[in-house]
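The values are calculated or read from the model by the stated rules, or taken from the named source; none is laboratory data. Given the structure is predicted, the values throughout are model-derived calculations rather than measurements. Positions of Cβ are backbone-derived with ideal geometry, glycine not excepted, and every protein chain shown enters the neighbour counts.
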Amino acid sequence: MEEFERVRRIGRELVAKGTVIDYYKDTMELPNGNTAKWDLVDHKGAAAVVAVRPDGKLLLVRQYRNAPERLTVELPAGSKNSREEDPRIAAIRELEEETGYVSDNIEFLQSIYTTIAFCNEKIDIYLARDLKPGKQHLDEDEFLNVEAFTLEELKQMIYENKIQDSKTICGVLTYASKFGL
């Protein structure tokens, strides 16, 4: 373990600045004294919500995603407005923006790193219960449908590889495990 503690960044170069991420080339000093170039995708962080209706169904959003070039079914989620923003606040905002529901019963479930080898995006996942109707207000470039699923339907979709989004898989299965469902 001590050997790994001797890895350190000795340089960082901004390669490209994006809308959602920044791309850097880091120069790293390795335990054997050599240097290496490592890619880093820098992200300010995000929050996601396992939103459970009073009938037990979970609210997810169906939307087109550019990376896999297809429609996906995902937990409501979005980027934090800044690195300093409390992820709980981001989760509350994204719940209402995407689903049109609000909740005063928001509980932390877990944090995940989406692609730990080269990206620092951390998503904090929350559980929202006691949902009340609010007002959906999507971003100008956001087009999605809100759909409700039973936990069993979602688990089956995960096991059949129909849901591949990491935050959704982690959120749904953590919720099921934590509450013995």
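Brief remarks on what is shown
- Of all residues in the range 91-139 being in a helix (DSSP H, G or I) and among the acidic types (Asp, Glu), the one that is nearest to Ile21 (Cα to Cα): Glu94
- Residue tally, condition part of a loop (DSSP other than H, G, I, E, B), surrounded by 12 or more Cβ atoms within 10 Å (Cβ to Cβ) and more than 19 Å from the chain's Cα centre (by Cα), over the range 140-165: 1
- If you go through the range 124-181 and pick out every residue that is closer than 22 Å to Lys80 by Cβ and of a type in the set (Lys, Arg), you end up with 2.
- Any hit, the range 98-114, residues being modelled with pLDDT under 95 and over 25 Å from Pro54 (Cα atoms): yes
- Contacts under 6 angstrom Cβ, first residue in the range 33-61 being farther than 24 Å from Ile112 by Cβ, partner modelled with pLDDT of 95 or more and of a type in the set (Lys, Arg), 6 or more apart: Lys37/Lys25
- If you filter the range 15-27 down to residues that are among the hydrophobic types (A, V, I, L, M, F, W, C) and either under 16 Å from the mean Cα position of the chain (by Cα) or modelled with pLDDT under 95 (or both), you find that the one that is surrounded by the most Cβ atoms within 10 Å (Cβ to Cβ) is Ile21.
- Verdict on Pro87 being touching a strand residue (DSSP E or B) at 6+ places or on another chain (Cβ under 8 Å), surrounded by fewer than 18 Cβ atoms within 10 Å (Cβ to Cβ) and not polar (S, T, N, Q): no
- Remark: Val15 falls outside the filter, which requires a residue to be in contact with a Leu (Cβ under 8 Å, 6 or more places away or on another chain) and either within 29 Å of Glu160 (Cβ to Cβ) or not small (Gly, Ala, Ser) (or both).
- Of all positions in the range 119-132, none carries a residue that is out of contact with any Leu (no Cβ under 7 Å at 6 or more places or on another chain), under 23 Å from Lys44 (Cα atoms), hydroxyl-bearing (Ser, Thr, Tyr) and surrounded by 15 or more Cβ atoms within 10 Å (Cβ to Cβ).
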